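For reference, the structure is listed below as structure tokens.
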Amino acid sequence: MSSDIPDTTIDTDDVLFADLVRLWAARSRGLPRPAPPRDPAHARILLDVYEKRAEQFDAEGHHRAAGLYRERANEIHRSL
């Protein structure tokens, strides 16, 4: 196999990071929160990531962060 072929695997961290950047950019510009992804497959992946991160933050004692992640997960869940 050639090592010239780039790895195009999309990590769930990439999906989460992209959504967090969208949220931060809207907030910093005083705009409304961006809507969850329209693509149901993308939305389900993002929902799963937010829910898992919320659980992880709760387990680590970061309850405020967990609440923020749960809030976004709920937005995504309602959009499906």
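Some observations on this one:
- In the condition set (1) hydroxyl-bearing (Ser, Thr, Tyr); (2) at pLDDT 95 or above; (3) assigned to a loop (DSSP other than H, G, I, E, B), TYR69 is compliant with all but (3).
- Meets criteria (at pLDDT 95 or above, at negative phi and loosely packed, with under 11 Cβ neighbours inside 10 Å) for ARG29: yes
- Each residue in the stretch 42-61 was checked for being closer than 18 Å to PHE17 by Cβ and open to solvent by 60 Å² or more (accessible area, probe 1.4 Å), and 8 pass.
- Qualifying residue in the stretch 8-15 (condition: part of a loop (DSSP other than H, G, I, E, B), over 13 Å from ILE76 (Cβ atoms), at pLDDT below 95 and not β-branched (Val, Ile, Thr)): yes
- One residue stands out in the stretch 62-80 among those that are in contact (Cβ under 8 Å) with a residue 40 or more places away in the chain and among the aliphatic types (A, V, I, L, M): the one that is least open to solvent (accessible area, probe 1.4 Å), namely ILE76.
- Residues (among the basic types (Lys, Arg) and within 23 Å of HIS42 (Cβ to Cβ)) located in the stretch 52-73: LYS52, ARG53, ARG70, ARG72
- Summed over the stretch 22-64, the residues that are farther than 17 Å from THR12 by Cβ and assigned to a helix (DSSP H, G or I) give a count of 9.
The values are calculated or read from the model by the stated rules, or taken from the named source; none is laboratory data. What you see is a predicted model; the values in this text were computed from it and never measured. Positions of Cβ are generated from backbone atoms using ideal geometry, with glycine treated the same way; all protein chains shown enter the neighbour counts. In case anyone asks, the SASA skips ligands and DNA or RNA and just uses the protein heavy atoms, side chains included. Shrake-Rupley method; radii C 1.70, N 1.55, O 1.52, S 1.80 Å.
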